[in-house]
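Here is the structure we will look at.
Taken together, the values in this text are just the output of simple stated rules run on the coordinates, not laboratory data. Just so it is clear, the model here is predicted, and its values are computed rather than measured. We place every Cβ from the backbone using ideal geometry, glycine too, and count neighbours over all the protein chains shown.
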Amino acid sequence: MSEHGSFNGMRPRRLRTTPAMRRLVSEHRLHPAELILPAFVREGISEPVPVSSMPGVVQHTRDTLRKAAAEAAAAGLGGIMLFGVPREKDAIGSAGTDPDGILQVAVRDVKAEVGDDLVVMSDLCLDEFTDHGHCGVVDERGRVDNDATLERYAEMARVQADAGVHVVGPSGMMDGQVRVVREALDGAGHQDVSILAYTAKYASAFYGPFREAVDSSLQGDRKTYQQDPANARESMRELALDLDEGADMVMVKPALPYLDVLRRVADAVDVPVAAYQVSGEYAMIEAAAERGWIERDRTIMETLTGAKRAGANMILTYWAAEVAQRLNRGE
Ligand code: PBG
């Protein structure tokens with residue numbers, strides 16, 4: 001041992017010498033079964049519409065969504081999270097509670113395609129359906145009315161569960177939303193439908209491209225209901241409430257700027273923890289890679305591995321299908 005080595009002869013580089021050695025000592029590995037594909041389906045279109053700020057992502061037609069779901073199941077993905085884009089939007093988001101609204105139709109389509117082979121999830125929120133773009137109903141003074149919104153969420157939970165969804169994902173950050181959704185599901189005989197609660201959801205600039213994906217023209221911002229990026233401890237309060245109200249799984253969102261929150265949540269719970277790698281995280285990497293400024297595939301794997309290392313059991317990512325295929329090829 002040279003005088004430049006460490007005192008006890010330990011040389012950490014020994015375990016990095018070959019690909020096989022590095023594989024052997026790897027602490028975390030990604031698996032297709034823990035990846036969830038968020039997918040958009042738009043009412044009344046005959047061809048998929050590309051989302052320009054998310055190269056490679058489209059608003060699906062009913063047909064192409066079915067194909068995407070079949071491919072996701074074949075690749076061994078864990079789940080698919082559906083977002084509906086209705087033809088008509090209004091102040092209360094009527095399409096979100098219409099049994100024949102696009103999201104409910106899409107759930108039935110996907111269930112018919114994949115049955116129980118893939119966990120089928122639906123976003124439970126009003127922003128895709130409202131003309132003002134808020135996640136809830138707005139009162140005369142322009143404020144998002146928490147308790148009036150909860151009534152809408154209860155109705156959404158019922159119609160989504162009636163359509164056959166396995167998991168609902170309440171993402172509107174209204175106080176009491178998990179309790180109201182659980183009661184609505186149970187009251188309608190849907191005891192087996194699970195709740196993936198968006199527990200720590202921040203008022204993030206990283207949701208920008210998503211607004212294009214769901215044709216939303218948000219007036220104002222979401223700062224009175226989504227969390228302030230400066231706050232981490234507050235997430236522990238949201239977590240305690242969601243668990244108390246009946247969340248089966250909890251989520252932190254976005255992923256990359258909130259890995260500390262993910263770690264805190266993962267350390268604190270005994271339920272599965274999800275991370276959502278959001279639209280802006282996707283766009284940022286695709287854009288930099290397009291310019292040749294970063295290595296695309298390595299960057300994608302590194303960000304996903306980072307979320308796992310920080311404690312995520314499941315990751316929602318728009319790259320889910322592509323990454324699963326890569327993993328299946330043993331790359
Ligand atoms: C709310 C919802 C949003 C996202 C997922 N669910 C938008 C928002 O809260 O503003 C964003 C996801 C993404 O950016 O990829 N329905």
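When the convex hull of the C-alpha atoms of region 254-331 is computed, what volume per residue in Å³ does it have? All intermediate terms of the calculation are to be shown ahead of the outcome.
Numbers: hull volume 7.0 nm³, N = 78.
Each residue corresponds to 90 Å³ of Cα convex hull volume.
In this Cβ point-charge picture (+1 for Lys and Arg, -1 for Asp and Glu), region 69-133 has a dipole of about 60 debye about its Cα centre. Computed from Cα positions, the angle between helix 233-245 and the longest principal axis of the chain comes to roughly 60 degrees. Under Stokes-Einstein, with the Kirkwood radius over Cα pairs as Rh, the value for the chain at 10 °C and 1.306 mPa s is 77 µm²/s.
Counting DSSP beta bridges with both partners in the chain, what percentage is antiparallel, nearest 5?
Working: 3 of 37 bridges.
So the antiparallel bridges amount to about 10 percent of the total.
Among the lysines of the chain, pairs that are 8 or more positions apart or on different chains and have alpha carbons within less than 26 Å of each other number 10. Here region 209-287 was treated as a single set of alpha-carbon atoms; its pair distances binned every 5 Å from 0 give 3, 13, 21, 23, 18, 14, 8, 1, 0 percent.
Cβ-Cβ distance of Asp297 and Glu71, R₀ of 25 Å, FRET efficiency by 1/(1 + (r/R0)^6): the value works out to about 0.85. By the Stokes-Einstein formula, at 0.890 mPa s and 25 °C, region 141-297 with its Kirkwood radius over alpha-carbon pairs has D equal to 146 µm²/s. Taking a Cβ cut-off of under 15 Å around Val105, the surrounding Lys, Arg, Asp and Glu residues balance to a net charge of -4, with basic ones at +1 and acidic ones at -1. Distance from the alpha carbon centroid of region 77-92 to that of region 1-63 works out to 26 angstrom.
If one computes P(r) from the Cα atoms of region 107-175, what percent of pairs lie at distances over 19 Å? Roughly 38 percent, rounded to a whole number.
Within region 293-331, the trypsin sites (Lys or Arg not before Pro) that combine a DSSP coil assignment with at most 16 other C-beta atoms in a 10 angstrom radius are Arg329. In degrees from 0 to 90, rounded to the nearest 10, what is the angle of the helix 259-268 Cα long axis to the longest principal axis of the chain? Between helix and principal axis, roughly 80 degrees. Ranked by the mean number of other Cβ atoms within 10 Å per residue, highest first, peptides 266-277, 211-222 order as 266-277, 211-222.
Cα centroid separation, region 162-194 to region 198-233: 21 Å. The angle between the Cα long axis of helix 279-290 and the main principal axis of the chain comes to about 50°, on a 0 to 90 degree scale.
For region 50-209, the Cα-based Rg and Dmax, in that order, read 15.4, 49 Å. Only helical runs count toward this figure. For the chain, summing -39,500 (n - 2.57) over DSSP H runs of n ≥ 4 and dividing by all residues gives -11500 deg cm²/dmol at 222 nm.
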